[in-house]
Amino acid sequence: MEFKKEYDLIVIGAGAAGIMAAITAAKDAKSVLLLEKLPQIGSKLKATGGGKCNLSNTLSNDDFISKFGKEGHFMQEALNAFDNNAMQDFFASIGVETHAPDGFRIFPISHNSQTIITALETEMQKLKITVLCSQRVKNIKQNGNIKEVNTQDKSFFPQNIIIATGGLGYPTLGAEGDGFEIAKALGHKITPLYPAMLPLKTKERWVQNCRSQTVAKAVLKVNIKKHQKLKAVGDLIFTKDGIRGPVVLDFARELTPLIELYGEVPLLVNFIKGRNEDEILKHLKNEASKNRSITSVEIISTLMPETLSNEICNLANIAPDSIFNKIEGSAKDTLIKLLAWTPLHIVGHDGFKNAMITRGGVDLKEVDPKTMQSKIAKGVYFCGEVLNLDGPCGGYNLQWSFASGYLAGKLKS
Ligand SMILES: Cc1cc2nc3c(=O)[nH]c(=O)nc-3n(C[C@H](O)[C@H](O)[C@H](O)COP(=O)(O)OP(=O)(O)OC[C@H]3O[C@@H](n4cnc5c(N)ncnc54)[C@H](O)[C@@H]3O)c2cc1C
């Protein structure tokens, strides 16, 4: 393949953010080289949404931003420039219709991420963007206005550089933290990095007996005084050594830093859609009056899956096959307390290997949110997950990647 050495822009990393940046700059008549270390572009994009690619969601920009925590306001300009409507219009313009079948999550109508990648690839060809795969950027050097980008066997001299190398999660899909090293070498600070959006391991071994069991609308709260505001609600699934499911994936970003800090994180979990002790008592009394010989496990199973009911009996030191009406008042009190809040202790996770998102990244204080340009190195821009921003499940992270890629690709200074 023929390629030149000098470009208006080199984009490092062909994920959602980098591809969008490259397309935006090329549309503004810039000569663009996109460097990707894997043999193909968009590897992580392909895996998103279980291969269906949950591109974005239907929230207003303000609501969207509020889900990213205190750093969220950094996204305002990028979303003003490229929000969920702009995203849908853009994909329609390159032949990909999108929809939100549940009224919230936006997908390509094909529900196939390959449709997105093929359309982006075709658009890049049309715009004459040079894409070089299997090119791992080792470092970038800046000497006055002269910039040099070095891969394992090539050197290039662009006017501008966009770093879109992603985070550290799912390293097999390309992101291994190279961008953090490159940014550090330029003088950027990287905030502490934690795996987020991943299953968690519990100290309690009994969870394995409930493996694959799903509990809808579980309520989880951190049982540490200083962090008692941390709470989450959603569907939870037991695994052989812990918990997963949407609520766990979203809550993990809050918990992984605490695991590092405290070693283990005590949680209290309500498996019965948030019902309190009074409501539970009322429910049990009602069930017990309807069936005088109902067993303890049977009565608890009116509230939750039977395998979990068995474990709750064990935790309360009540024989599952005991007649509920015959158990002592104090044992009933213990049971009701346990039903309202079951303790679980989070003790670990599998690290970045299974983390869909990285918490932490290039410090936002050193990047201009109006342009995505580095405040330290002129002509160097960042976009996507390499920056210190992470959102929950539901199209948040791809919307952010595309939006920040769009703004960075404008090459405003
Ligand atoms: C399994 C999975 C499912 C997900 N599902 C969703 C979803 O449905 N919706 C959603 O919003 N988010 C989802 N996410 C999160 C979302 O995919 C990411 O936040 C987003 O793709 C990040 O885009 P990015 O372009 O910043 O980084 P990436 O997509 O990680 O792209 C970075 C690219 O840079 C390349 N690169 C890295 N270092 C170098 C180097 N030194 N030289 C050259 N190239 C380099 C990498 O190979 C990679 O291709 C999911 C994540 C995972 C892992």
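The values are calculated or read from the model by the stated rules, or taken from the named source; none is laboratory data. Treat the numbers as computed from the prediction; the structure is a model and nothing was measured. As a convention, Cβ positions derive from the backbone with ideal geometry for all residues, glycine included, and neighbour counts pool all protein chains shown.
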Return yes or no: is residue 90 assigned by TED's automatic domain parsing to the domain that holds residue 133, of a type in the set (Phe, Trp, Tyr) and within 15 Å of the ligand (Cβ to nearest atom)?
no
Could you tell me which residue of the range 44-64 is surrounded by the most Cβ atoms within 10 Å (Cβ to Cβ), considering only residues that are closer than 19 Å to residue 407 by Cα and more than 15 Å from the ligand (Cβ to nearest atom)?
61
Single residue of the range 287-303 satisfying the filter (among the hydroxyl-bearing types (Ser, Thr, Tyr) and within 29 Å of residue 235 (Cβ to Cβ)) that is surrounded by the most Cβ atoms within 10 Å (Cβ to Cβ):
296
Within the set of pairs 6 or more residues apart or between chains, which connect a residue that is under 23 Å from residue 235 (Cα atoms) inside the range 387-403 to a residue that is within 6 Å of the ligand (Cβ to nearest atom) and small (Gly, Ala, Ser) with Cβ atoms less than 9 Å apart?
395/49; 397/16; 397/384; 398/16; 398/49
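Out of the range 6-20, which residues are farther than 20 Å from residue 396 by Cα and either within 6 Å of the ligand (Cβ to nearest atom) or modelled with pLDDT of 95 or more (or both)? It would help to see each step written out before you state the result.
Our first condition is that a residue be farther than 20 Å from residue 396 by Cα; within the range 6-20, this holds for 6-12.
Within the range 6-20, 7, 8, 9, 10, 11, 12 qualify.
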Count of the range 175-223 residues which are of a type in the set (Val, Ile, Thr) and part of a loop (DSSP other than H, G, I, E, B):
1
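Here's a check for you: in the range 134-174, which residue that is in a loop (DSSP other than H, G, I, E, B) and away from the ligand (no atom under 12 Å from the Cβ) is surrounded by the fewest Cβ atoms within 10 Å (Cβ to Cβ)?
Residues of the range 134-174 in a loop (DSSP other than H, G, I, E, B): 134-136, 144-145, 152-154, 157-159, 164-170, 174.
Among the residues that remain, those that are also away from the ligand (no atom under 12 Å from the Cβ) are: 144-145, 153, 157-159.
Working: 144: 6, 145: 8, 153: 9, 157: 14, 158: 23, 159: 16.
Among those that are in a loop (DSSP other than H, G, I, E, B) and away from the ligand (no atom under 12 Å from the Cβ), it is 144.
Return the residue satisfying two criteria in turn: it lies in the range 21-43 and is outside any loop (DSSP other than H, G, I, E, B) and within 8 Å of the ligand (Cβ to nearest atom), and of such residues it is surrounded by the most Cβ atoms within 10 Å (Cβ to Cβ). Explain how you work it out, then say what you get.
The initial filter retains those residues of the range 21-43 that are outside any loop (DSSP other than H, G, I, E, B), namely 21-27, 32-35, 43.
Right, trim to within 8 Å of the ligand (Cβ to nearest atom) and you get 35, 43.
On the way: 35: 26, 43: 20.
Only one residue tops the list, namely 35.
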The condition of being farther than 25 Å from residue 241 by Cβ and assigned by TED's automatic domain parsing to the domain that holds residue 207 holds, among 376, 336, 312, 300, only for 336
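Considering only the range 239-259, I want to know if a residue exists there that is among the β-branched types (Val, Ile, Thr), within 16 Å of the ligand (Cβ to nearest atom), within 23 Å of residue 315 (Cα to Cα) and part of a helix (DSSP H, G or I). Let's see the steps before the verdict.
Quick first cut of the range 239-259, residues among the β-branched types (Val, Ile, Thr) only: 239, 243, 247-248, 256, 259.
Now narrow it down to the ones that are within 16 Å of the ligand (Cβ to nearest atom): 248, 256.
Keeping just the survivors that are within 23 Å of residue 315 (Cα to Cα) gives 248.
If we keep only those that are part of a helix (DSSP H, G or I) as well, we get 248.
Checking the range 239-259: at least one residue is among the β-branched types (Val, Ile, Thr), within 16 Å of the ligand (Cβ to nearest atom), within 23 Å of residue 315 (Cα to Cα) and part of a helix (DSSP H, G or I).
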If we ask which residues in the range 14-35 are out of contact with any strand residue (DSSP E or B) (no Cβ under 7 Å at 6 or more places or on another chain) and over 16 Å from residue 126 (Cβ atoms), their number turns out to be 3
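Of all residues being of a type in the set (Ser, Thr, Tyr) and surrounded by 19 or more Cβ atoms within 10 Å (Cβ to Cβ) in the range 175-221, which is nearest to the ligand (Cβ to nearest atom)? Just the residue, please.
First pass over the range 175-221, keeping only residues of a type in the set (Ser, Thr, Tyr): 191, 194, 202, 212, 214.
Narrowing the set further to residues that are surrounded by 19 or more Cβ atoms within 10 Å (Cβ to Cβ) leaves 194, 202.
Values: 194: 15, 202: 23 Å.
Top of the filtered list is 194.
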Between a residue in the range 256-275 that is at positive phi and any residue that is assigned to a strand (DSSP E or B) and among the aliphatic types (A, V, I, L, M), which pairs come within a Cβ distance under 6 Å, given they are 6 or more apart or on different chains?
274/219
Just give me the residues in the range 1-20 being out of contact with any helix residue (DSSP H, G or I) (no Cβ under 6 Å at 6 or more places or on another chain) and surrounded by 21 or more Cβ atoms within 10 Å (Cβ to Cβ), in sequence order.
7, 10, 12, 13, 14, 18
Take the range 97-122 and flag every residue that is of a type in the set (D, E, K, R) and not in a helix (DSSP H, G or I).
97, 102, 105
Residue count, the range 203-239 (criterion: hydrophobic (A, V, I, L, M, F, W, C) and free of Cβ contacts under 8 Å to residues at least 24 places away in the same chain)
1
In the range 280-303, which residues are touching a residue at least 12 places away in the same chain (Cβ under 8 Å) and either part of a helix (DSSP H, G or I) or acidic (Asp, Glu) (or both)?
280, 281, 283, 284, 287, 288, 296, 297, 298, 299, 300
